Structures are given as C-alpha cells and as structure tokens.
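Just so it is clear, none of the values below were taken in a lab; they were calculated from the coordinates. No experiment lies behind these values; they were computed from the predicted model shown. Glycine gets a Cβ as well: all are built from the backbone with ideal geometry, and neighbour counts include every protein chain shown.
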Amino acid sequence: MTKDSKSWRPFTANCCSADDQTIFGNFSRCKTSKSDFSKNIGPLPSFRRLSFSDLSRSSSTRINEDLAQTFGPDLFDFQVSELRAITQNFSTNYLLGEGGFGTVHKGYVDENLRSSLKSQAVAVKLLNIEGLQGHREWLAEVIFLGQLRHKNLVRLIGYCCEDEERLLVYEFMPKGSLENHLFKRLAMSLPWGTRLKIAIGAAKGLAFLHGAEKPVIYRDFKTSNILLDSDFTAKLSDFGLAHMGPEGSNTHVTTRVMGTYGYAAPEYVSTGHLTTRSDIYSFGVVLLELLTGRRAMDKTRPKNEQNLVDWTRPYLSSSRRLRCIMDPRFGGQYSVKGAKEMAHLASLCTSLNPKDRPKMPAIIETLEAIQPLRDMAVACGQWPPSPKSSNKYVVYAPKGNKDSKIVVIKNSRMGVNIKSK
C-alpha cells in the first residue's frame, strides 16, 4: 500500500474524488474541544468557506489570495526565490531527507526576509511534482497545520504556491525523526526514559487531534513522521493524508486506503472505513517498535518475523517471554514493570477488534504512570546473558601442561578477568 502514485498535474477540473471533497468541506465547523488535550490551542481563525475542491481548480494566484485571507499573518506566503536563497538553491549540502513527496532542506530565516520573522532555522519541503504526493497533500498540510497549534505538532511557518511549485516551511527539528534514532546504524541507541518521553509526546499530539469537536484522523502515524526537537520532545509532522473524522451518527468515514504498510489498521485496509481507532492501531505498532527496536515491516528477517505485530503478539502477555523480544541495545536498562505495562498497552492498541482499543487519554495516563518506575531489568536479574556467549567458559593450557587450565570469567562492566587453576 502506497500513497497515490499518479503524477500530479496542476488544476485539472476533476482532480478530487467525492470522498476527498469532504475533507475540507467547511472548516468553520472544526472547533477545538474543551478537554485538557485541546485547551492549549490558540484561537482558531474564523474560516470562511475554504473549499478544497475549489482551491484545487484555482490558479496559484487565487490559491494564495484565499489562503492569505484565511490565515492572515499566522502563515507566511514565501516566494520560490526566497526559499532558494535560504537553502543555497536547495543544495544537497543542506539536505535533511527525502521521500515520496520530494526533498527537505535546511534553511535559515530572519527579519531580513520578513520583518516579523524571528531568526531561526527552518526545514523547507520541496514537493516533487512527479512524486507520490501531489497538490492535494500540499493543500492538506497548509489547511490542517495552518489552523492547528499544539506543542506536539510540528509548527508550519509558511508556504509557497508559485506556478507549478509547491513548498512548505516548518520549524527545524534538530534531532530528526524517531525512525532515524531507532533504525539507523550510526545513531546512538535511545535509552528507555527517552523512548517513553517520545511515546507520551506523540500520544498527546494524537489526543489533541482526536479531541477536537470534529476529530482529525491523522492516518499516517509512524516513526518517520515523529520528529524530535533538541530535548527529544516529539512532534507529529506530515499531514498530507490527514482526514476529518465522522460527524453526527456516523461511526466512520470511507475513503481510499492510503498510508504505510505495517502501520495501517487491518479493518481500514480491508474496508476503507476510517476512524480515530485506526490511528490508535498505528500508535500500538510504534510502541512495539520502541520496545523491540525492530521495524513494523522488515523483509530482511525470517518470514515469521517480518510483520512486527504478528511476531510479537505471543510474547506480550508474559514478563518472562517479553524479555526475549526487548531491544538488546537496552542492555537491561529498562523498567521490568514498565515494559510489561507498555507491552500490554501495545497489545490492546493493536487489537483486531477496533472497539477493544483504548482511547488516547487512557493511553497517556498509562504511559505517564510508567515514567517514575525504576525497577531496571539488569538490577532485578531479569536481563539474560547474550545467547552467543555464557558468563563463564574454560580455555585449556597449551600441550605439555595438561593439568593446568585457565578459567575466563566474562564481566560486562569490568571487562574480562583471567584466573589460573
């Protein structure tokens, strides 16, 4: 399952399917709830009828006028020439990453670019016109992040719509993505406490989206879309696939299946029915990745271990079995009780029955209760030795001295001690 692979052509008359038009039908109805997870949002602008389908068929000039009227000074309307200047013409030396959408480059803005801009590093996403994401996804990002403000959502600073060019300008996230920290060989392994902090931050971001009066379904929750600031605060990024949730008596919305294989909820894949519980399944998959240090889907592993949810399921209900799938890079430095609680939570989140999955406030409460726990596995004697070596082994002396042998006792902290007998 991949994002739409058709090449984008701007402003065609029928670029939106009927279900896509419902995404942005009327943003004046998208109000925040008064829950604890929504109260941190700033006052939303009063959206006049900002129609996705209308904007998709408009010229770039008309789109800029409509967006400027809607968002005012909250978002900057940049020119391509300005973004070229701050990224050294999108130099590979400033490349932060790339994907189906195109490339992301680091830049730097200050009051010389715009009088009201504070000096700061930024990330500039340059849309690849021939790529997997098109104009609709660009517009989704602008509309969603233009109105949503939360400490666990990446902040959109501005956008660029000039002829066929589509760009987005975000706050720069110095620690990169969670994916890079978990799965890139050169990255330092994340300790238990940091992984837990990231999980809580990402959960609060989802809770904020789900807690709106008209919920926002993120639809693409995964490690590569969880970005980290300088102190490892998690922020959700990439809202190109986000969707407004069901209204009234409706229990779901039906849409074309999009997202990332391994993270998408099975009922969504099979029926196209989308609810906030689809996001919760994806969240459970990320919890499993945090526990095991393995990817949601990994074709390089044996066939029975390629799908992380299927492989881990038999291990999640037993503390004794759970230690067999814990990320070995922890080295036993994780809470035994905390890991058990997180594993149980992941099991609930990835339940095949969507009704059995907990809601985000309950998930946050569970994760925050784990934070104070200090029963480290290595201190409790529950971290097994490496299966490739034992703590003690015998090396016999050379020929001619058969009665003598050397016992080598391996100590992970002190190195190797050699004793003669």
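Once the piece of chain linking LYS299 and ASN353 is laid out straight, how much longer is it, given 0.36 nm per residue of separation minus the C-alpha distance between them?
Computed gain between LYS299 and ASN353 is 16.8 nm.
Need one number: nm distance between label points at SER189 and GLU164, each 7 Å from Cα along Cα→Cβ, rounded to one decimal.
Rounded to a tenth, the inter-label distance reads 4.8 nm.
Based on Cα coordinates alone, diagonalise the gyration tensor for the range 178-370, multiply each eigenvalue by 5, take square roots, and list the semi-axes in whole Å, largest first. Walk me through the numbers before you get to the answer.
Values: eigenvalues 134, 65, 54 Å².
Ellipsoid semi-axes (Å, largest first): 26, 18, 16.
How big is the range 151-249 along each principal axis, measuring the range of its Cα positions in Å and listing the largest first?
43, 41, 20
Using a cut-off of under 14 Å, list every residue of the range 296-339 whose amide N is near the label point 7 Å from the Cα of ALA369 along the Cα-to-beta-carbon line.
From the range 296-339, the list is 337-339.
What does the charge count around ALA296 come to, taking other residues whose C-beta lies under 9 Å from its C-beta (Lys +1, Arg +1, Asp -1, Glu -1)?
Numbers: positive: LYS222, ARG294, ARG295; negative: GLU289, ASP298.
With Lys, Arg at +1 and Asp, Glu at -1, the net is +1.
Using only the Cα atoms of the range 80-119, what are the Rg and Dmax in Å?
Rg then Dmax for the range 80-119, in Å: 11.3, 34.
Give me the number: length gained by fully extending VAL378 to ASP231, i.e. 0.36 nm times residue separation minus the C-alpha to C-alpha distance, one decimal in nm.
Working: separation 147, 0.36 × 147 = 52.92 nm, distance 2.61 nm.
Gain on stretching VAL378 to ASP231: 50.3 nm.
Starting from the exponent 0.38 and prefactor 2.2 Å, build the expected Rg for the range 86-202 from its residue count and divide its actual Cα Rg by it.
Values: Rg = 15.5 Å, N = 117, 2.2 N^0.38 = 13.4 Å.
Normalised by 2.2 N^0.38 Å, the Cα Rg of the range 86-202 equals 1.15.
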